[in-house]
Each structure stands twice: as structure tokens, then as C-alpha cells.
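To start, the structure under review is shown below, and the notes come after it.
The values are calculated or read from the model by the stated rules, or taken from the named source; none is laboratory data. Predicted, not measured: the structure shown is a model, and the values here were computed from it. Note that each Cβ is placed from the backbone with ideal geometry, even for glycine, and that neighbours are counted across all protein chains shown.
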């Protein structure tokens, strides 16, 4: 987990970072964060336990353990990533490890929604494009710049059009994905609605 973790807030228009590739279809949420870690009081420590069992099995050779991948923030995956249970701990664990965006062939629907809700954009590319990126990434360090305004991903040697649901893209560009910040910014509207509700006025006067 990166030290000094800060959760994203507000508008997200651009993401830059080093890529980390995780090869394999149907990687489920139980592999991302095993069920025994769901007892946590908050999500803060989950970054240390992401892919815990897979990492133990590979004895230091898992992509999330390799020195070359330390500090990565853009995850490259294959098809149906995040399938299985709907646990929100999975994207929370990835985010606390340092992941800020995910590019894959496809995502499980609930996992995708959970990522959007905490500020992790999920993009898709065709199978061949993902395979080419992963092979390229395995041979050298791969830095990528993602522009959400035009859904373009580019590096020193590559450029490609990323696919993202338009509704999700608009939420990131406007900051509407961030429900807490949106509520705080519209506090006056909440107060106005509170004052307009007659039964709340009655209760306040009564007591």
C-alpha cells in the first residue's frame, strides 16, 4: 500500500501513472481480497492484503510483489475482471494499494459500479489491444497518460482510444461520482428543502 494514501475527490479529468499487468480471465473478488479480510472496521488496511492468497502461492513473483511494479497506478486486466461476490472491499483494496484506473477487456457489472462510486475509472479495449499492452508492459516499464475528456490513452510509443460508458465519463468530468462532495457543495439546497417541509417545521416548533 502506498504511504500517505489520499482518496480521490471531485472532478477527475486526467490520470497519469505506471501500468501493472495482471494476466488471467475471470479474476473474482475473492482473489482480489479474500473473505477473511471483510471483518475490517474500515478499508484503510486493505491495500496490504490485496491478492493475499495469490501472492502467497507465487512466493514473491506475483505482479503486485515485483519491485518493478512498485508505485504503479494503472491496472491492465483481461475479461470479466471483478466477477463473483459484490463486495466493495475489492475496489477499495485496489485503490489503497495505489490503483487509480483499470483498463481491461470487460468487467463484472457490480465491480464496475463499485469502482465508479469510489473514483476509479474502468476502461475497456479489445482483447488484442489488451494482450499487446500486457506483452509490452512485461518487457519494459510502461507509463500511461489517460485523458477522460477525449477517452485517449497515450504513452511514449502507443496511443489508443479507450472505451468507457458515457454516463460514467460524464460523472467523472463533472465530479458527480463523488456523492459526499456533491452533497457538501449543495448544502444550501438541502437547507432549503429542510425549511420547506411542513412536518419538520411543526416538529421544530413543537419541541
**Prompt:** Yes or no: residue 44 part of a loop (DSSP other than H, G, I, E, B), in contact with a strand residue (DSSP E or B) (Cβ under 7 Å, 6 or more places away or on another chain), under 18 Å from residue 114 (Cβ atoms) and in the same structural domain as residue 125 (by TED's automatic domain parsing)?
**Reply:** no
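The rows are residues; the columns are (1) at pLDDT below 90; (2) closer than 23 Å to residue 108 by Cβ.
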residue	(1), (2)
131	no, yes
134	no, yes
138	yes, no
143	no, no
146	no, yes
156	yes, no
159	no, no
171	no, yes
**Asked** Residues in the stretch 1-26 that are under 27 Å from residue 178 (Cβ atoms) and in contact with a helix residue (DSSP H, G or I) (Cβ under 9 Å, 6 or more places away or on another chain): how many?
**Response** 14
**Message:** Suppose we keep only residues that are at pLDDT 95 or above and under 17 Å from residue 20 (Cα atoms) within the stretch 44-59. Which one would you say is farthest from the chain's Cα centre (by Cα)?
**Reply:** 58
**Prompt:** Given 102, 32, 9, 76, which one is within 14 Å of residue 119 (Cα to Cα), in the same structural domain as residue 160 (by TED's automatic domain parsing) and under 14 Å from the mean Cα position of the chain (by Cα)?
**Reply:** 102
**Request:** Check 71, 82, 17 and return the single one that is under 26 Å from residue 144 (Cα atoms), surrounded by fewer than 13 Cβ atoms within 10 Å (Cβ to Cβ) and touching a strand residue (DSSP E or B) at 6+ places or on another chain (Cβ under 9 Å).
**Result:** 71
